[in-house]
Amino acid sequence: MLTTKQSRLSALLIPILSVLLGFIFGALLMLLFGYNPIDAYQAMLMGVFNSPYFIGEAIRQATVLTFTGLGFAIAFKAGFFNIGIAGQLLVGWVAAIWVALSFPDLPRIILLTISIGAAIVAGAVWAGIAGTLRAYFGTSEVIVTIMLNYTALHLTNYIIRSVLTTGNTTDMVSENASLSVGWLTTLTQGSRINMGLFIAIIVVFLYWLFMTQTTAGFEVRAVGLNPDASTYAGMSAKRNIILSMLISGGLAGLGGAIHGLGTFGNLFTQSGLPSLGFNGIAVALLGLGNPVGIFFSSILFGVLDVGAGFMPNRAGVPDEMADIVIAAIIFFVGANYVIRLVLDKMKSNKTAEKGGE
Amino acid sequence: ACSGEDASDSSSEDTSTEDTGGETSESTDFSVAMVTDEGGVDDRSFNQSAWEGIEQWGKDNNLDEGTGYAYYQSDDSSDFVPNFNQALADGYDIIYGIGYLLLDSVNQVADQNPDQHFGIVDDISDRDNVVSLTFKDHQAAFLAGVAAAETTETGKVGFIGGIKGQVIDRFQTGFEAGVAHADDSVEVDVQYAESFNDAGIGQQIAAGMFSNGADIIYHAAGAVGNGVFTEARNRMESNGDDQLWVIGVDRDQEEEGNYDGGNLTLTSTLKEVGNAVVESTTQAIDEGFPGGETIAYGLEKGGVELVRGNISDDVWSSVEEARESVINGDIEVPEFTYSE
Amino acid sequence: MAQTERVIEMKGITKRFGEFKANDNINLNVEKGEIHALLGENGAGKSTLMNILSGLLEPTSGEIYVNGKKAKIDSPEKANQLGIGMVHQHFMLVDKFTVAENIMLGKEKHNYGFMDDEGAEKDVKDLSDRYGLTVDPSARIEDISVGMQQRAEILKTLFRGADILIFDEPTGVLTPQEIDELMDIMKKLTDEGKSIILITHKLDEIKKVADRCTVIRRGQSIDTVNVKNTSQQELADMMVGRSVSFKVDKIASVPQGPVLEIKNLTVKESRGLEAVKNIDLEVKAGEVLGIAGIDGNGQSELIQAITGLTKAESGTIKLDGKDITGEKPREVTETGLGHIPEDRHRHGLVLPMKLEENMTLQQYYQKPFSKNGLLNHGKIKEFAKKLIEEFDVRTQSEESTAASLSGGNQQKAIIAREISRNPALLIAAQPTRGLDVGAIEYIHKRLIEQRDNGKAVLLMSYELDEVMNVSDRIAVMYDGKIVAIVRADETSENELGLLMAGVSLEKAKKELAGKDIKAGTAGAAGAAGNAENDGKERATVANDETE
Amino acid sequence: MDIVSLLQLIVSSSLVYAAPLIFTALGGTFSERSGVVNIGLEGIMVMGAFMSAIFNLSFYSTFGAMTPWLGLLAGGVIGILFSLIHAVATINLRADHIVSGTVINLAAPALAVFLTRAIYGAAQTGPLARSFGFSDIFLLEKIPVIGPIFFQNTSGPAYLGILVAIIAWVVLFKTRFGLRLRSVGEHPHAAETLGINVYLMKYSGVMISGFLGGIGGAIQAQAIHNEFGILTVAGQGFIAMAAMIFGKWNPLGAMGAAIFFGFAQSLARIGNYIPIIQDIPGVWLQVLPYLLTIIILVGVVGRSTAPKDLGNTFIRSK
Ligand SMILES: Nc1ncnc2c1ncn2[C@@H]1O[C@H](COP(=O)(O)OP(=O)(O)OP(=O)(O)O)[C@@H](O)[C@H]1O
Ligand SMILES: Nc1ncnc2c1ncn2[C@@H]1O[C@H](COP(=O)(O)OP(=O)(O)OP(=O)(O)O)[C@@H](O)[C@H]1O
Ligand SMILES: [Mg+2]
Ligand SMILES: [Mg+2]
């Protein structure tokens, strides 16, 4: 019991220390270029935390990142590198807006359900292609998802212009397809925070439930760790490959729906793949694949992302600095072996001291 | 500000700021901010042009950056609305959204803040507290078409668009109309890169167009255009006998056209977003905010322009002629071909 | 022997892993030209000691003298320079490289950095001819037999000029024939003046080739004895630390109705060749059917077809009266099959998962471990604890990962999992590979217990000892066919050896009748036989229950 | 357009597009052959593009027409430096290779733009002093028919890439260094017991990938974009990674895959001048390169096997 508690503590300690070290690294870099790191961080944090509006915005951003992060994580757990989260998010976004625009007058609960459902299906299908090819032909999911990213990008732009509208931006969806929650909007002084937050919390719980408490999750984990032994034990590796990619893509598609309906309420032509997809990878890594960890790391990313906007005007520091800090944080998460080593050394020194007394 | 020189140089001799500078130098309590689209403030396109205009206006009025004038940079489309709100919190009198991508965001914050004044560039908002500044890009493109048709030796010219859509369609329509106006035997080869980023695609399309006989390409495709210039430069450097030209967009792209042995930027169409923003600001100070209005900046208002560049004297006089006709209404330049 | 020189002298070697002492003040002397056996239970510290000698591990304390000179062996490179080479328990070969490339790696033959493949292959050929270690220098490791892989490993050390060779459990993966060849090779090497340290769990092998034997128990060196003057019994006693004198009693089997019925079964292997050719086979309730045969004669494919991992080409398989031909592994398992796979790391366990999860790998989806798709962690833990207790799996806790267990305990966990489901048919493929005598005997006992409970057991093993001791009937496979089915108590290793080489039963009987048994080492068949030690003298050790 | 000029057009525009991909995919091959997954290729390309642009602008007055070629070296060197982050993280600090690669991809664009701002006061450098231009391949250009199609007015860097691919193949499969590098990617513990310095080999693999990836970025900047900005490298690193896998971790395969990708793009862009292809709707032509890659991968190439120890952290026994 004690040992598990201790390991849980160090599992918490590592991301926290990584975040600290990341900030310190950023500060050093800023000093090197003659910027004032204190001003910069103050601008970033105060910018967000001094205003309910920006807290709301940070959470809104975090909400979408939670979905993309979880999406990446489940594929990763099952042994796949789903680099196609961005494309799956995009097709989810398209599907949600398409459905919402097609049936503007349906009752809200129904319209939201089918819009979001369509997005999940779209994302799942998009990732499912890669999963199926992997399962039946052994085709590298890395290549297929990269290729499907670009395919999604071009198809999306085509659909917007040729199917949904003639311009670059679709109409706004009707009120019935809005995710906004009155009291939350009011509380955050009009931010775009939306019911995606609650969906995210539910999904975090469901993800945990699925992975640790269900037989299907057990299979996904087992197949991810040792497909041969899992096959021997009567699990279907093929089925689980496809299943985990479907869930992965479904989560990304759900993120697309929340982003589309919640953040924008419409869809517009994209010149590149949404960065939320790739940041989802970072979020998953910082969260160490744990759903609650992913949720909190999404919030950190949301704050950094929204707060970064304050740095140029209030501290004169280019907002690229925020990305550098994020990269540094992930670096330390990755190199946690060193952090662990130092922690262990400190611990053993302590116990040695105690023992000596 | 009809001259198509490098924007940062031209600011010192900018005529449009002179119009306003003398009268408004006292009104230091007025402040202006802009929110960029994803291109950022130094995109060497309309964001940069808008910012240079605002910056100059601020300096002329002895304002400080950060209180009297400011920009808010968007790295992602989801930054638009928060950036408006940041500008709102910082208390600017007018906040401009630069580029059609910001329309929905402007409308949204305009609804939430009915007493605040906003501007949108390149699109039209129907809100009462928003002034819409549009540009008759098709007029400048028309002149580019005239210049191209009159300059081509092969009777074939090309147009490369970025991502298909209304805005770029305006360029294409104007250009095609200009070509037809000058010489309807000249063919226009139209292609879209479906990207604003991948210069490699620009280079491939340009290679195809040149190989297929076009000798002038007009691009309206952002960074994809870099590849168009590269292909033209490569061809000119390996075989300088057959003159090829590129027509730049949004700002004077003369610099991009330098090659061993000359310059191949025939001309560039300009979009003087800075002028328009300053003009509408001045109007707001002097006559009250033109909320709900749409101000279309065309050739006549110096909102769009074609630079002289490397256009020959003969051709330039045809261009001048065409410009007169457009301004005085003899020629009505079509805006859209988009119909499907 | 007194005048021989000491090539290796390890003095007071201690190796700690954290708090744990894997080697505790061990002394070991090896003389020139001898084969020195190292004997000890699983986890006694043999591999650790040898890894220290070969420069892979650094001792916590202690000294090493090589040829009388004190040496600091801080890298494998250094060990090479000192003439020490090790043939590792898990081969250290690059599958995709050729034999020659593997042998040359690190000491490549090259012209200005460019590989001289032909020269290298010629050198390897010369070397292999010199020591009689037949290999194909240009063949890829992944395409050759385990025996040839091992010869490549040996050549690797010889190529580096090793005078002192360490063999860590070299026979565990070999066929009887190959084992015999290896013994000959070892003898030949010592004749050339090389010294050999041999780690093995097989006492008969020690008796057969070793000159002296050092016994290690729980990280400590117990004694070094002269093999000639010591019986297998004495060696076993020393190894375990107390007298072990009994053998598991095997009452005669009482076979009943058939549990497994195979008719006209043909199975193709992955490259599309027929590996199992039109086989008929029956295993009855209450009997252990052994399958003997040299590796690669279709045994693995036969098992894969029964378990549903490979589709049968033609024929039918019935389990407990139900036709399971073409069924998926899960259906087969549920019909009543337990399966201890050959490769426990790859197929038996999900190493990074908890032991408790591994223990329910076949049953997690059934009641009481789950209900409506939801796992019941309490029940899983309870079940795992029970099995750990019952099967004496040594682990810190049921929450430890399977990877943290020793090989023997990992195997016990698998056996616990499979037997606990009480399957009508238990297939045990190589169930005791690499395990010590204590563990082996325990596993054999459990298999026989299963039989005595009226279940059918199908045992596949390359070790004739094992097949003969545990089985009631033995089916011999050769070239994808069952060439004979004999009663275990009516056959001999020599007969089996001949059958395994493809000799027909009548012919084998005739041949054996005509010849003196002692001389029966002719050809491939003889490889299996060991006349001096016809299996009766086996030391059998009860499950080690101390501490 | 006559058939010869059409072919010339297709060949040269395929090669132009492929050139950066060839180098970067070759880089990835070296890294992964040594057992280190490198999804950071994209970031390495960004740094290479950035550095070559600075070099090009700063040293044109000194080196003249040689500048872009030397710029490749500049890009390669910064690529090496940047790849060291990946090497230290994955080899010494035992970081997950994907995590570390993600760090590279996050950090590189931010850092490069940050530095560009610091140096040029804007997010882009502006046009470079000198770009690659077309090259004629010495002597080969004189071959009738073939010469004009393949070797005249074509991409110099692409042919350099082809040459480097052949060299890389020789290095990887015919030299002592290559054997050792591959052994480390397949079975590092075996290599260790034979006295091979596993860390050194892995460092070599990653640093070569940095060098070649940096060159890939430098080509992207100096042969195509003619400037450095955030859009200069936009996904090419990922495509190169796909090419590496497509090519089954074989330098010649990776090169072939990169050229194939350039060809598919070219077909999509030049399709308008080719009968039949002309009639395919635009959107399909745009997604053609991507779908074609998937189809060929599934139908023809089949499953590819990565180096056996790819992605694992090597922990020295002791
Ligand atoms: N790297 C290590 N870290 C911690 N403990 C270790 C390590 N290597 C070995 N041990 C422990 O040291 C002990 C001796 O292991 P070793 O591998 O030497 O046993 P062995 O005698 O070779 O056993 P076997 O017969 O199973 O091969 C074991 O208890 C093992 O758990
Ligand atoms: N790094 C390590 N940390 C802790 N224990 C280790 C480590 N490496 C090995 N061990 C332990 O060393 C023991 C021996 O390992 P080894 O792989 O030699 O198994 P084994 O008992 O010899 O099994 P087999 O013969 O089947 O391979 C195991 O108990 C294993 O858990
Ligand atoms: Mg061992
Ligand atoms: Mg062992």
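The values are calculated or read from the model by the stated rules, or taken from the named source; none is laboratory data. These figures come from a predicted structure and were not determined experimentally. All Cβ positions, even for glycine, are placed from backbone atoms using ideal geometry, and neighbour counts span all protein chains on display. These area figures cover heavy atoms from the full protein model, side chains too; ligands, DNA and RNA do not enter into them. Shrake-Rupley method; radii C 1.70, N 1.55, O 1.52, S 1.80 Å.
Some notes on this structure:
- Meets criteria (open to solvent by 20 Å² or more (accessible area, probe 1.4 Å) and at the interface with chain D (Cβ under 9 Å from one of its Cβ atoms)) for C:N111: no
For every residue, the table says whether it meets (1) crowded, with 20+ Cβ neighbours inside 10 Å; (2) away from ligand 1 (no atom under 16 Å from the Cβ).
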{"site": "C:D168", "(1), (2)": "yes, no"}
{"site": "C:I179", "(1), (2)": "yes, yes"}
{"site": "C:E192", "(1), (2)": "no, yes"}
{"site": "C:I197", "(1), (2)": "yes, no"}
{"site": "C:H201", "(1), (2)": "yes, no"}
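- Helices (runs of 4 or more DSSP H) (entirely within the stretch A:258-349) containing at least 1 residues that are among the aromatic types (F, W, Y) and at pLDDT 90 or above: A:291-308, A:320-334
- In the stretch C:415-439, the residues that are within 16 Å of ligand 4 (Cβ to nearest atom) and over 21 Å from C:L355 (Cα atoms): C:Q430, C:D436, C:V437, C:G438
- Condition check for B:N107: closer than 24 Å to A:R60 by Cβ, surrounded by 23 or more Cβ atoms within 10 Å (Cβ to Cβ) and more than 19 Å from the chain's Cα centre (by Cα): no
- One residue alone among A:F278, A:F296 is open to solvent by 10 Å² or more (accessible area, probe 1.4 Å), under 15 Å from the mean Cα position of the chain (by Cα) and facing chain D (nearest Cβ under 10 Å), and that residue is A:F278.
- Qualifying residue in the stretch D:199-209 (condition: without any contact (Cβ under 8 Å) to a residue 40 or more places away in the chain, out of contact with any helix residue (DSSP H, G or I) (no Cβ under 8 Å at 6 or more places or on another chain), part of a helix (DSSP H, G or I) and within 14 Å of chain C (Cβ to nearest Cβ)): yes
- Looking only at residues of the stretch C:18-44 that are within 16 Å of ligand 4 (Cβ to nearest atom) and over 18 Å from C:R212 (Cβ atoms), we find that the one that is farthest from the other protein chains (Cβ to nearest Cβ) is C:E41.
- Matching residues in the stretch C:371-419 - criterion: being out of contact with any helix residue (DSSP H, G or I) (no Cβ under 6 Å at 6 or more places or on another chain), within 14 Å of another protein chain (Cβ to nearest Cβ) and on the phi > 0 side of the Ramachandran plot: C:N372
- When the stretch A:171-201 is filtered for residues that are surrounded by 22 or more Cβ atoms within 10 Å (Cβ to Cβ) and within 19 Å of B:D79 (Cα to Cα), the ones remaining, listed by number, are A:L179, A:S191, A:R192, A:I193, A:N194, A:G196.
- Exactly one residue out of D:L84, D:L21, D:L73, D:L57 is open to solvent by 20 Å² or more (accessible area, probe 1.4 Å), within 14 Å of chain A (Cβ to nearest Cβ) and not in a loop (DSSP other than H, G, I, E, B): that is D:L84.
- In the stretch A:1-104, counting only helices (runs of 4 or more DSSP H) that sit wholly within it, the ones holding 2 or more residues that are open to solvent by less than 60 Å² (accessible area, probe 1.4 Å) and over 30 Å from A:N266 (Cα atoms) span A:2-32, A:37-49.
- Within the stretch C:159-193, the residues that satisfy the criterion of being more than 16 Å from ligand 4 (Cβ to nearest atom), assigned to a loop (DSSP other than H, G, I, E, B) and either closer than 11 Å to C:E34 by Cα or not small (G, A, S) (or both) are C:R160, C:D163, C:T175, C:E192, C:G193.
- Once the stretch C:45-99 is narrowed to residues that are within 10 Å of chain D (Cβ to nearest Cβ) and among the small types (G, A, S), the residue that is nearest to ligand 4 (Cβ to nearest atom) is C:S54.
- Residue ID - farthest from the other protein chains (Cβ to nearest Cβ), chosen from residues in the stretch B:39-87 that are hydroxyl-bearing (S, T, Y) and not in a strand (DSSP E or B): B:S49
- Criterion: surrounded by fewer than 19 Cβ atoms within 10 Å (Cβ to Cβ), within 11 Å of chain A (Cβ to nearest Cβ) and touching a residue at least 60 places away in the same chain (Cβ under 8 Å) - qualifying residue of D:L115, D:L106, D:L111: D:L115
- Listed conditions (1) within 24 Å of D:G28 (Cα to Cα); (2) assigned to a helix (DSSP H, G or I); (3) of a type in the set (A, V, I, L, M, F, W, C) are all met by D:A268, apart from (1).
- Listed by first and then second residue, the pairs with beta-carbon distance under 6 Å, at least 6 apart or on different chains, first residue in the stretch A:213-225 and more than 7 Å from chain C (Cβ to nearest Cβ), second open to solvent by 20 Å² or more (accessible area, probe 1.4 Å), are A:G217/A:F210; A:V223/A:A237; A:G224/A:K77; A:G224/A:G79.
- The residue that is surrounded by the fewest Cβ atoms within 10 Å (Cβ to Cβ), counting only those in the stretch B:187-207 that are part of a helix (DSSP H, G or I) and touching a strand residue (DSSP E or B) at 6+ places or on another chain (Cβ under 8 Å), is B:I205.
- Test for C:K318: is it more than 10 Å from chain A (Cβ to nearest Cβ), outside any strand (DSSP E or B) and of a type in the set (K, R): no
- Listing of strands (runs of 3 or more DSSP E) fully contained in the stretch C:1-47 that carry 1 or more residues being near ligand 1 (Cβ under 8 Å from one of its atoms): C:6-17, C:20-31
- If the condition is being under 25 Å from the mean Cα position of the chain (by Cα), facing chain A (nearest Cβ under 7 Å) and surrounded by fewer than 23 Cβ atoms within 10 Å (Cβ to Cβ), then the stretch C:321-350 contributes C:R346, C:H347.
- Of all residues making up the stretch A:134-153, the number that are surrounded by fewer than 22 Cβ atoms within 10 Å (Cβ to Cβ), without any contact (Cβ under 8 Å) to a residue 12 or more places away in the chain and part of a helix (DSSP H, G or I): 1
- Top-ranked residue in the stretch C:429-476 [being more than 14 Å from the chain's Cα centre (by Cα) and either part of a loop (DSSP other than H, G, I, E, B) or small (G, A, S) (or both); ranked as farthest from ligand 3 (Cβ to nearest atom)]: C:G454
- Meets criteria (without any contact (Cβ under 8 Å) to a residue 60 or more places away in the chain and in contact with a Ser or Thr (Cβ under 6 Å, 6 or more places away or on another chain)) for C:Y462: no
- Annotation for the stretch C:63-76: at least one member residue is away from ligand 3 (no atom under 16 Å from the Cβ), touching a Phe, Trp or Tyr at 6+ places or on another chain (Cβ under 9 Å) and farther than 26 Å from C:I144 by Cα.
- Filter result (touching a residue at least 24 places away in the same chain (Cβ under 8 Å) and at the interface with chain A (Cβ under 10 Å from one of its Cβ atoms)) within the stretch D:262-289: D:L288, D:P289
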